[in-house]
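The values are calculated or read from the model by the stated rules, or taken from the named source; none is laboratory data. Remember, it's a predicted structure, so these values are computed and weren't measured experimentally. Neighbour counts are summed over all protein chains in view; Cβ atoms, including those assigned to glycine, are modelled from backbone coordinates with ideal geometry. Surface areas here come from the heavy atoms of the whole protein model, side chains and all, with no ligands, DNA or RNA. Shrake-Rupley method; radii C 1.70, N 1.55, O 1.52, S 1.80 Å.
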Number of protein chains: 2
Amino acid sequence: MSMMPKFAKTPEPPYYAVIFSSMRRDNGYTQVAERMVELASQQPGFLGVESVRGTDGFGITVSYWASAEAMAAWKANVEHLAAQEMGKQEWYEHYELRVAKVERAYAKPST
Amino acid sequence: MSMMPKFAKTPEPPYYAVIFSSMRRDNGYTQVAERMVELASQQPGFLGVESVRGTDGFGITVSYWASAEAMAAWKANVEHLAAQEMGKQEWYEHYELRVAKVERAYAKPST
């Protein structure tokens, strides 16, 4: 994860974004989180990820995907399914997951 | 901003999300950022905001809006326009702004 750039280099819209907001319990899962980013980045249609977590445990991770099919395949990945279950049971006090279609994008400096 | 809950209480999709990822320069703008959240929350169609910034200056703020018209009105707000200009000129080394339509949403615990 430390090797990933902070900003996702995404193509011209349209593409998809999964916005995952979460409050983490104090029971570390950093290794799994890093593994999930590594695994996601190997999935077809993965465009990039942006992630930040504050010291209070609240974090936002946005992953970007080329298509609905690419998102669905990642959601169904067996190793990811196990992590999702651990997330629900152990790691997160609360989370919100929103699937969105990116329609427009701007950057500065322009990219 | 400290009075705002961490999670946005959003309605059933569809609605809109503005995903703003930024790397901040070390020249504080906290007061303006808080004022912008206060001002946004008074706009028609504002649904909520989620925001987190790491100690390295990288942050993600996602604001949620009922309609494209609500987003456009906020973008054109005069006080917000001045802040946008300051952001481009002073506060942000780099940013990415993505406008997306939320199609599905999940939460745990369920809301």
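Things worth noting here:
The rows are residues; the columns are (1) more than 14 Å from chain B (Cβ to nearest Cβ); (2) assigned to a loop (DSSP other than H, G, I, E, B); (3) on the phi < 0 side of the Ramachandran plot; (4) touching a residue at least 40 places away in the same chain (Cβ under 8 Å).
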site	(1), (2), (3), (4)
A:PHE7	no, yes, yes, yes
A:TYR16	no, no, yes, yes
A:ILE19	no, no, yes, yes
A:ASN27	yes, yes, yes, yes
A:PRO44	yes, yes, yes, no
A:GLY59	no, no, yes, no
A:SER63	no, no, yes, yes
A:ALA70	yes, no, yes, yes
A:GLU79	yes, no, yes, yes
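- Single residue of the range B:81-106 satisfying the filter (aliphatic (A, V, I, L, M) and assigned to a helix (DSSP H, G or I)) that is nearest to the other protein chains (Cβ to nearest Cβ): B:MET86
- Being over 13 Å from the mean Cα position of the chain (by Cα), modelled with pLDDT of 95 or more, open to solvent by 70 Å² or more (accessible area, probe 1.4 Å) and over 29 Å from A:ARG24 (Cβ atoms) is a property that holds for B:PRO44.
- If the condition is being β-branched (Val, Ile, Thr) and either surrounded by fewer than 16 Cβ atoms within 10 Å (Cβ to Cβ) or within 13 Å of the chain's Cα centre (by Cα) (or both), then the range A:59-109 contributes A:ILE60, A:THR61, A:VAL62, A:VAL78, A:VAL99.
- Of residues in the range B:48-57 being more than 7 Å from chain A (Cβ to nearest Cβ) and in a strand (DSSP E or B), the one least open to solvent (accessible area, probe 1.4 Å): B:GLY48
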